[in-house]
1. Out of all the residues in segment 80-99, which are under 19 Å from residue 212 (Cα atoms), more than 11 Å from the chain's Cα centre (by Cα) and among the hydrophobic types (A, V, I, L, M, F, W, C)?
2. Among the residues of segment 245-268, write down those that are assigned to a loop (DSSP other than H, G, I, E, B), over 23 Å from the mean Cα position of the chain (by Cα) and of a type in the set (Lys, Arg).
3. Are there any pairs, at least 6 apart or on different chains, whose C-beta atoms fall under 7 Å, with the first in segment 136-164 and among the polar types (S, T, N, Q) and the second at pLDDT 90 or above, and if so, which?
4. How about segment 4-34: which of its residues are in contact (Cβ under 8 Å) with a residue 24 or more places away in the chain, surrounded by 14 or more Cβ atoms within 10 Å (Cβ to Cβ) and under 35 Å from the mean Cα position of the chain (by Cα)?
5. May I ask you to list the residues in segment 214-244 that are of a type outside the set (D, E, K, R), in contact with an Asp or Glu (Cβ under 9 Å, 6 or more places away or on another chain), free of Cβ contacts under 8 Å to residues at least 60 places away in the same chain and assigned to a strand (DSSP E or B)?
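The values are calculated or read from the model by the stated rules, or taken from the named source; none is laboratory data. Since this is a predicted model, take the numbers as computed values, not measurements. In this analysis, Cβ positions are derived from the backbone assuming ideal geometry, glycine residues included, and neighbour counts consider all displayed protein chains.
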Amino acid sequence: MGVSAEFQAHLGSGITNVCRCWAVVRSDGVSYGFTDHDRSLAFEGVDFKADSGLAAKALQQTSGLAVDNSEALGAISDAAITEEDISAGRFDGAEVRAWLVNWADLDQRVLQFRGTIGELRRSGGAFQAELRGLTEALNQPQGRVYQKPCTAVLGDKDCRFAFDVPGYVAEMAVEDVEEARIFRFAEISGFDARWFEYGRFVVLSGEAVGLVGAIKNDLQTEDGRVIELWEGFRAKIATGDLVRIEAGCDKRSNTCRLKFDNFLNYRGFPDIPGEDWLMSYPTSGGVNNGGSLS
């Protein structure tokens, strides 16, 4: 949406009624609206609150492929952004849109920025969020990697595995938890030991609802089943909270073929030569049929 002729004329008049508005949408779908105007505004289905204490530094924009960036500053409050949500990582990678708006005529506005939240810091009852533009995605590696292990993520558009197949998901209540990272269950029936290693641990209820952890170990002990995460949740999780445990994939071709029956979608190259072959050299004697050199 470009600058309309009416808004351009208003900006050129020398006396303007402009403010800034921000819309933030977290990865779990929860949305927020903020404005630096002295009263709340609403457009495009978003309510922009004036009592959030949010402000922004000057927006840096370029015409090339450099990353547009800015920073948002604000106060932590129970009514808007809480310290608990920041600590839990709920705002990591959240989508951000920023407009310049004529508060006297909301139809006169222009979208100045669209991107995501990068580094987010908090101290003294306030937060400071780095905003990264859409061109930030160009800094990420593109294309496929020529390697033996699979490059897909289990269940994504490349893998195409559907977790609605019975035998790959367990939903149950938390029985015993340590450091929000180690979970002990009396029994997880119907699943082999280590079945969930490298899988996902999704919280379905409680204060940590919506958070996802990566499973490091899945051990069968004399006292029951132990699920250990690589990193503990940054929100409180308690006995009785409902969780979803998903089977894991170690990226090997045999696992894809035997455990998930999904080898047609395997995104690795299991038959490429190893390092020993790359370091081999021709010899004038012996059998030269491509077999082992040992």
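1. If the condition is that a residue be under 19 Å from residue 212 (Cα atoms), more than 11 Å from the chain's Cα centre (by Cα) and among the hydrophobic types (A, V, I, L, M, F, W, C), then 86, 88 are the ones that fit.
2. Passing the criteria: only 252.
3. Matching pairs, first to second residue: 147/268; 147/269; 151/267; 151/268.
4. Answer for segment 4-34, where residues must be in contact (Cβ under 8 Å) with a residue 24 or more places away in the chain, surrounded by 14 or more Cβ atoms within 10 Å (Cβ to Cβ) and under 35 Å from the mean Cα position of the chain (by Cα): 18, 19, 20, 21, 22, 23, 24, 25, 26, 27, 32, 34.
5. Correct list: 214, 215, 217, 219, 220, 224, 226, 227.
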